[in-house]
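To keep things clear, I will list the structure first and then write my remarks on it.
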Amino acid sequence: MDTDELIKHSRARFDHAAAKRTLKEKYQAKLLFASHGGMWQAGPELQSTIFTCGKIGEAVLLDLYETPVKIDTTELMALSQQRWQEQMNAWLVEYTALTQQR
């Protein structure tokens, strides 16, 4: 490989890494949602916390701002799962397109 090819290759790698970080930031922000008077981030942490509450119907959880909020566990779990799956599917589509460009 000559110098120009090495430079081109390293720029492509750097651009790919930067685009990957940007994609992560974009979809992390889209995982935020408001419900039951609190702000939540959909994901495995929230879902496992709700799951540990059991099927009691109502529970008090701390939202992203460390505020205790009384929630309906079934409803918040459904909202969290729906938001998580929508964003992960969209993220996968964009990531796949990004890796094909490389």
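Observations
- As a proxy for reagent exposure, T73, T52 were ordered by neighbouring Cβ count within 10 angstrom, fewest first; the result is T52, T73.
- Using just its DSSP H runs of length 4 or more, each adding -39500 (n - 2.57), the chain gives a mean residue ellipticity at 222 nm of -22500 deg cm²/dmol after division by all residues.
- Extent along principal axes [Cα atoms of the stretch 16-74; Å; largest to smallest]: 46, 20, 15
- The count of lysine pairs in the chain that are at least 8 places apart or cross chains, and whose C-alpha atoms lie under 25 Å apart, stands at 5.
- From the C-alpha gyration tensor of the chain, square roots of 5λ in Å: 40, 13, 10
- Exposure proxy for F33, F51: other Cβ atoms within 10 Å of each Cβ, ordered fewest to most, give F51, F33.
- In plain terms, the residue of E94, E66 with the fewest other Cβ atoms within 10 Å comes first and the most crowded comes last, giving E66, E94.
Read the figures in this text as sums done on the coordinates, not as results from a lab. The shown structure was predicted, so the numbers you read here are calculated from the model rather than taken from an experiment. Every residue, glycine as well, gets a Cβ built from its backbone with ideal geometry; the counts of neighbours run over all protein chains shown.
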